[in-house]
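Have a look at this one before I ask anything.
The values are calculated or read from the model by the stated rules, or taken from the named source; none is laboratory data. Here the structure is a predicted model, which is why all the values come from computation and not from measurement. Cβ placement follows ideal geometry from the backbone for every residue including glycine, while neighbour counts extend to all protein chains displayed.
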Amino acid sequence: MEHIENDEIYKGLSVSKGIPQPPPVSEDAIEAFKKKKRKQYTASEFIQGILVGNRIVLSQAITLVESALTEHQLIAQEVIEKCLPYSGNSIRIGITGVPGVGKSSFIETLGTQITGSGRKLAVLAIDPSSERSKGSILGDKTRMEELSIDKNAYIRPSPSSGSLGGVARKTRESMILCEAAGFDTIFIETVGVGQSETAVHSMVDFFLLLMLAGAGDELQGIKRGIMEMADAIVITKADGTNHTKTKLAQTQYQSALHLFPLSKSRWTPRVLTCSALNKTGIIEIWEMILEYIQATKTNNFFDNKRFDQAAYWMHETIAETLKNNFYSNTEIKKQINDIEKQVCANNLTSFVAAKMLLDSYFRKNNI
């Protein structure tokens, strides 16, 4: 019985069966959607679209760069190679800080300041992937509502996929494509304080560390190697009752930075405060970054650093390629599980097991 109201015990009640409900989407629309396919661009079409600033083409090119498929990588590398002569004309800024420091709010406020001055900004944000599901939220656009609709800004979140080296390389290649598309300022936002900062530091011109005041002993920060990498420290959320704490933390960090030797850039790192909520201190931060770029270009550190970074990533790419080739080798795939079980059973040491696998790999490849 479809309606209990039609039971004989309910006198005088009757509910009609009604009409069948139509599907939420028509079958014609479903069929049309199935037939419609995303346009597959050739390498030449990708290059042409990127150079004229077509964001749809740029986004699809970055998707190719992030893809693990061999056919995608072949096209991506050709596109990157052809775009390389048009890149390198931007200011590359790495931004990091512990979760909750307000990276997204800071980037949006500083970003709108930059785009408001006539510059074009690309934000490459690395989102951490789940170790269980391997999924990623990619929610940076939702946290940067104003910047995401700015015609002079482009936000591209990318999943870390659990591979630090791979993501860093893909981020560097994505940066090249963004520069070829006409973006003269690049932000690279990291997942937080950790190993990713070392990789990001090796691909940017200016490295900015965001810190919180009143979240514990501020001087604990000097125990981290990240302090030595920072070209500037910005203490966020300098508003309301937190204003006094940020000023105290600023003094403490500035004193701590004097303990480190002067870097090769001859630049003395500074500590500034800001409030993304009240938009205070933002202009001063951007002016400081421009001052740094001018100073390092004058003493040739800017160009020398980029040369060193290019060489570094060549070696990193070689190491990553060899690693991927090793684990994809059919002979290694046959042996690795059995040898791993012997290691877990304490029949082999990790070092002997690794040497066995490497010897097998080298013999297979006549190395």
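If ASN329 meets every condition in (1) in contact with an Asp or Glu (Cβ under 7 Å, 6 or more places away or on another chain); (2) more than 16 Å from PHE207 (Cα to Cα) apart from one, which number is that one?
If we test ASN329 against (1) in contact with an Asp or Glu (Cβ under 7 Å, 6 or more places away or on another chain); (2) more than 16 Å from PHE207 (Cα to Cα), just (1) comes out false.
Just a yes or no: is a residue in the range 137-152 surrounded by 18 or more Cβ atoms within 10 Å (Cβ to Cβ), outside any loop (DSSP other than H, G, I, E, B) and at pLDDT 75 or above?
The answer is yes; a qualifying residue exists.
Are any residues in the range 229-275 hydrophobic (A, V, I, L, M, F, W, C), part of a loop (DSSP other than H, G, I, E, B) and either surrounded by fewer than 19 Cβ atoms within 10 Å (Cβ to Cβ) or without any contact (Cβ under 8 Å) to a residue 24 or more places away in the chain (or both), and if so, which ones?
In the first step, residues of the range 229-275 are kept if they are hydrophobic (A, V, I, L, M, F, W, C); the result is 229-230, 232-235, 238, 248-249, 256-257, 259-260, 262, 267, 271-272, 274.
Applying the additional criterion that residues be part of a loop (DSSP other than H, G, I, E, B) yields 230, 238, 259-260, 262, 267, 274.
Within the range 229-275, LEU259, PHE260, LEU262, TRP267 meet the criteria.
Keeping to the range 67-118, report how many residues are without any contact (Cβ under 8 Å) to a residue 40 or more places away in the chain, among the small types (Gly, Ala, Ser) and either assigned to a helix (DSSP H, G or I) or not assigned by TED's automatic domain parsing to the domain that holds ILE235 (or both).
So the answer is 3.
Among the numbered criteria (1) at pLDDT below 95; (2) buried (at least 17 other Cβ atoms within 10 Å of the Cβ), which one does ILE285 miss?
Failing condition for ILE285: (1).
Collect the residues in the range 87-100 that are surrounded by 22 or more Cβ atoms within 10 Å (Cβ to Cβ) and at pLDDT below 90, keeping them in residue-number order.
THR96, GLY97
Anything in the range 119-130 that is at pLDDT 95 or above and among the small types (Gly, Ala, Ser)? List them, or say none.
Scanning the range 119-130 gives a single hit, ALA122.
With the structure loaded, tell me whether ALA353 is assigned to a helix (DSSP H, G or I) and out of contact with any Leu (no Cβ under 9 Å at 6 or more places or on another chain) or whether it fails that test.
Numbers: assigned to a helix (DSSP H, G or I): yes; out of contact with any Leu (no Cβ under 9 Å at 6 or more places or on another chain): yes.
Answer is yes for this residue.
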